[in-house]
1. Can you return the lysines within cross-link range of Lys65? Criterion is Cα-Cα under 21 Å, with same-chain partners fewer than 8 residues away left out.
2. How big is the chain by the Kirkwood estimate over distinct Cα pairs, in Å?
3. Treating only the Cβ of Lys, Arg, Asp and Glu as charged (+1, +1, -1, -1), what charge dipole size does the chain show about its Cα centre? Round to the nearest 20 debye.
4. How far, in nm, would the chain grow between Asp75 and Ser123 when pulled straight, counting 0.36 nm per residue and subtracting the alpha carbon separation?
5. Short version: ³J(HN,Hα) in whole Hz for each residue of the range 115-124, in order, from phi by Karplus 6.51 cos²θ - 1.76 cosθ + 1.60 (θ = phi - 60°), x for Gly and Pro, what are they?
6. Quick one: putting +1 on the C-beta of Lys and Arg, -1 on the C-beta of Asp and Glu, what dipole do you get for the range 62-124 around its Cα centre, in Debye to the nearest 20?
7. What relative contact order, as a whole-number percentage, does the range 1-113 give when Cα pairs under 8 Å and 6 or more residues apart are counted?
8. Calculated FRET efficiency, Ser7 and Ser57, Cβ-Cβ r, R0 22 Å, to nearest 0.05?
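The values are calculated or read from the model by the stated rules, or taken from the named source; none is laboratory data. Quick caveat: nothing in here was measured; it's all calculated off a predicted structure. Here Cβ is always computed from backbone atoms with ideal geometry, including for glycine, and neighbour counts include all displayed protein chains. To get the accessible areas, we keep the full protein, side chains included, count just its heavy atoms, and leave off ligands, DNA and RNA. Shrake-Rupley method; radii C 1.70, N 1.55, O 1.52, S 1.80 Å.
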Amino acid sequence: QVQLVESGGGVVQAGDSLRLSCTASGRSFTNYGMGWFRLAPGKARAFVAAINWNGDSTDYAYIHKDRFIISRDNDKNMLYLDMNNLKPDDTAVYYCAASSRTGLAYYGEDYSYWGQGTQVTVSS
């Protein structure tokens with residue numbers, strides 16, 4: 001199995017940028033497709049972005065396509081989410097997750113391992 005720890009959250013202003021990181025340990029990182037999800041107050045968990053095992057394929061929820069970038073560094077066992085032009089609606093706890101599917105996975109049930117989450121708060 002794999003253990004995931006997110007970092008990089010914080011309080012920012014609208015229009016700012018933020019990079020979230022996810023450190024993976026345990027089983028080989030390249031065995032997993034990876035994803036980011038978020039949980040906003042009063043809302044269901046939502047898919048944000050996914051990346052395949054070697055990083056050459058990515059996809060995003062439509063609303064994030066122009067502002068967020070998912071990437072991974074397999075040499076460092078790291079997953080990243082670069083978020084630009086942040087909006088108050090982006091306020092949420094962000095989770096990284098690992099899927100045994102080495103390709104892209106879009107649904108929470110496709111992911112077996114989850115981090116504890118990192119809070120992002122965007123003020124207007």
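1. In chain and number order, the partners are Lys43, Lys87.
2. Working: mean 1/r = 0.0709 Å⁻¹.
Final number for the Kirkwood radius of the chain is 14.1 Å.
3. Numbers: 11 positive and 12 negative charges, 33 e Å.
That gives the chain a dipole magnitude of about 160 debye.
4. On the way: separation 48, 0.36 × 48 = 17.28 nm, distance 3.50 nm.
Length gained between Asp75 and Ser123: 13.8 nm.
5. x, 8, x, 9, 7, 10, 10, 10, 9, 8
6. Details: 6 positive and 8 negative charges, 10 e Å.
Roughly 40 debye, rounded to the nearest 20.
7. Numbers: 260 pairs, mean separation 38.3, N = 113.
The value is 34 percent.
8. Working: r = 25 Å, r/R0 = 1.13.
So the FRET efficiency works out to roughly 0.35.
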